[in-house]
Amino acid sequence: MSKRLIKGFFIVLAGLFIFITILSLFIPSKLMVTRAVVINAHADKVFNEISNLQNWKHWQPVFINDSANIRFETDASGISNSCEWESKGKKNKVIITAKEENAITASLIREGENDVFNSIKVLPLADSNQVQTEWNVLIRLKWYPWEKFYGIFIEGITGQGYEDALNSLKVYVEKD
């Protein structure tokens, strides 16, 4: 091969990399995934399930599957606001960072990955014994082009897991 052909190949490759990097700058670095479910139960009952991490093993699929490996940290009143476990060789930690009236915020910290910020709200519906439980997840992406393009598909990949967890919460709370 000639030097001219090799030089042209590298120029095209560099141009493609620059084009993809510039294109990725137009993709947002913050993504919000939201799922909700209507539950036939009192708001206090639902809030009790989401505000204590030890109760998550009743309905959260990850906690159900890994319940033997999860180490809960409880306060003096017996409520767990943080826990950690290992899965696929990585340490995971969930910390409830705030509790408000009928809402919690929590952080999922996974070794080697960006932190994921969660908010779960229990919203009473007017003139009924139902509540809408809404799970909002904020994901911050790095500037890397491959991470930004991956971000386009995050809702489809992770959204189903949050939806499954909420449906499992609905089934668990409504059966009692």
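Ordering 16-22, 4-10, 143-149 by mean Cβ neighbour count within 10 Å, with the highest value first, yields 143-149, 16-22, 4-10. A straight line joining the Cα centroids of region 1-18 and region 87-156 runs 43 Å. Which of A36, A103, A76 moves most in a GNM of the chain, Cα contacts under 10 Å? Answer for the Gaussian network model of the chain: A76. Among the GluC sites (Glu not before Pro) within region 59-118, those in coil by DSSP and having at most 14 neighbouring Cβ atoms inside 10 Å are E101, E111, E113.
For Rg and Dmax of the Cα atoms in Å, the candidate list reads (i) 17.9, 54; (ii) 16.8, 50; (iii) 21.3, 79; the entry that matches the value derived from this model is (iii).
Other residues whose C-beta falls under 12 angstrom from the C-beta of T34 contribute a net charge of -1, scoring Lys and Arg +1 and Asp and Glu -1.
What a 1.4 Å probe finds exposed on region 45-92 is 46% carbon and sulfur by accessible area, rounded to a whole percent.
Using the structure shown, list the pairs from K45/K99; K45/K170; K121/K142; K30/K142; K45/K121; K99/K121 with a Cα-Cα distance above 19 Å, or answer none.
Numbers: K45/K99 15 Å; K45/K170 11 Å; K121/K142 27 Å; K30/K142 9 Å; K45/K121 13 Å; K99/K121 10 Å.
Going by Cα-Cα distance, K121/K142 fall outside the 19 Å limit.
The values are calculated or read from the model by the stated rules, or taken from the named source; none is laboratory data. None of the values given here were measured: they were computed from a predicted structure. Positions of Cβ are backbone-derived with ideal geometry, glycine not excepted, and every protein chain shown enters the neighbour counts. We work out accessible area using only protein heavy atoms, side chains counted, and drop any ligands, DNA or RNA first. Shrake-Rupley method; radii C 1.70, N 1.55, O 1.52, S 1.80 Å.
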